[in-house]
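Data first, discussion second: the structure below is written as structure tokens.
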Amino acid sequence: MPEQPTPPAPERLARRVAELTGCSRAQAEQYIEGGWVRVDGMVVETPQFMVAGEHVELDPESRLEPAEPATMLLHKPAGIAFNATPSLVTRATHAEGDVTGIRVLQRHFAHLQPLMPLDDEASGLVVLSQDGRVARRLKEDGAKIEQEFLVEVRGATDPYTLGRLSRGLAYEGRALPPCKVSWQNEVRLRFAIKDVRPGQLRHMCAEVGLDVVAIRRLRIGRIGLNKMPPGEWRYSPVGDRF
């Protein structure tokens with residue numbers, strides 16, 4: 001009976017890629033973490049993944065790029081808890097209109113932190129990030145960044161409604177700073193406002209006799225929701241400023 005060949009010993013994927021391509025181990029890890037390596041036809045992004053006899057190949061269009069942390073911009077649907085928004089960011093909900101050119105990688109969906117809180121019953125723009133620099137910026141300077149909201153209301157108004165909304169109100173024992181408020185149409189108010197706390201817009205409207213039907217956040221600083229449908233997300237390129 002012919003002797004059976006000895007199966008290859010398992011080894012780390014990074015080592016196999018380095019052997020196949022002649023690159024360094026560090027470069028091999030960059031290729032893998034960048035989603036450029038397939039094992040038996042499936043993309044594997046973990047350098048420590050163990051392989052033996054599997055077919056390993058490097059994408060011919062591969063590029064050596066650092067593994068940057070991801071930041072996503074999500075159109076949160078109304079009724080979804082703010083803290084539950086990371087579960088909405090998946091490959092299936094990636095917006096077709098994303099023009100950033102950033103490649104979708106599985107590692108982008110881990111450890112996403114929702115930033116700039118939005119009421120659970122509200123819809124609109126939410127920032128989720130793995131990037132500590134983005135998280136620090138929005139936590140430390142968030143109160144100084146202007147946000148824009150569209151608020152649908154019902155109730156009687158008078159010539160003083162906009163003036164009262166824009167200045168002179170208080171919330172949770174604190175006098176609110178002036179903000180910009182205008183009518184978009186007969187039932188929708190547009191707020192340009194800083195340092196918004198949970199429930200504040202609803203309270204402000206109630207103070208002038210208006211019931212809130214719906215709230216949508218359109219913009220955080222320079223970053224807008226644009227025409228992205230509810231439930232979808234797009235990337236925010238590294239270095240984009242809010």
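The values are calculated or read from the model by the stated rules, or taken from the named source; none is laboratory data. The model shown is predicted, which means the values in this text are computed figures rather than measured ones. Cβ coordinates were reconstructed from backbone atoms using ideal geometry, including for glycine residues, and neighbour counts include every protein chain displayed.
The residue of segment 6-24 that is surrounded by the fewest Cβ atoms within 10 Å (Cβ to Cβ), among those that are among the basic types (Lys, Arg) and farther than 25 Å from Phe109 by Cα, is Arg15. The sole residue among Gly53, Gly35 that is more than 18 Å from Leu105 (Cα to Cα), outside the structural domain of Ala110 (by TED's automatic domain parsing) and in a loop (DSSP other than H, G, I, E, B) is Gly53. At least 1 residues being surrounded by 14 or more Cβ atoms within 10 Å (Cβ to Cβ) and on the phi > 0 side of the Ramachandran plot is the threshold, and among the strands (runs of 3 or more DSSP E) wholly inside segment 109-166 those reaching it are 123-129. Using the structure shown, decide if Arg234 is outside the structural domain of Glu152 (by TED's automatic domain parsing) and without any contact (Cβ under 8 Å) to a residue 24 or more places away in the chain. No: the conditions fail for Arg234. Within segment 168-186, if we keep just the residues that are exposed (fewer than 15 other Cβ atoms within 10 Å of the Cβ) and of a type in the set (A, V, I, L, M), the residue that is farthest from Gly209 (Cα to Cα) turns out to be Ala175. Pick out the one residue from Leu73, Leu58 that is of a type outside the set (S, T, N, Q) and farther than 30 Å from Leu125 by Cα. Answer to the selection: Leu58.
Considering only residues that are of a type in the set (A, V, I, L, M, F, W, C) and out of contact with any helix residue (DSSP H, G or I) (no Cβ under 7 Å at 6 or more places or on another chain), look in segment 81-93 and name the one that is surrounded by the most Cβ atoms within 10 Å (Cβ to Cβ). Looking at residues that are of a type in the set (A, V, I, L, M, F, W, C) and out of contact with any helix residue (DSSP H, G or I) (no Cβ under 7 Å at 6 or more places or on another chain), I get Leu88. Please verify whether Val151 is in the same structural domain as Phe242 (by TED's automatic domain parsing) and β-branched (Val, Ile, Thr), treating the condition exactly as stated. No; evaluated as a whole, the condition is false for this residue.
Per the listing Val104, Val151, the residue uniquely at pLDDT below 95 and over 12 Å from the mean Cα position of the chain (by Cα) is Val104.
Here Ala78, Ala92 are screened, and the one residue that is at pLDDT 95 or above, in the same structural domain as Val134 (by TED's automatic domain parsing) and in a loop (DSSP other than H, G, I, E, B) is Ala78.
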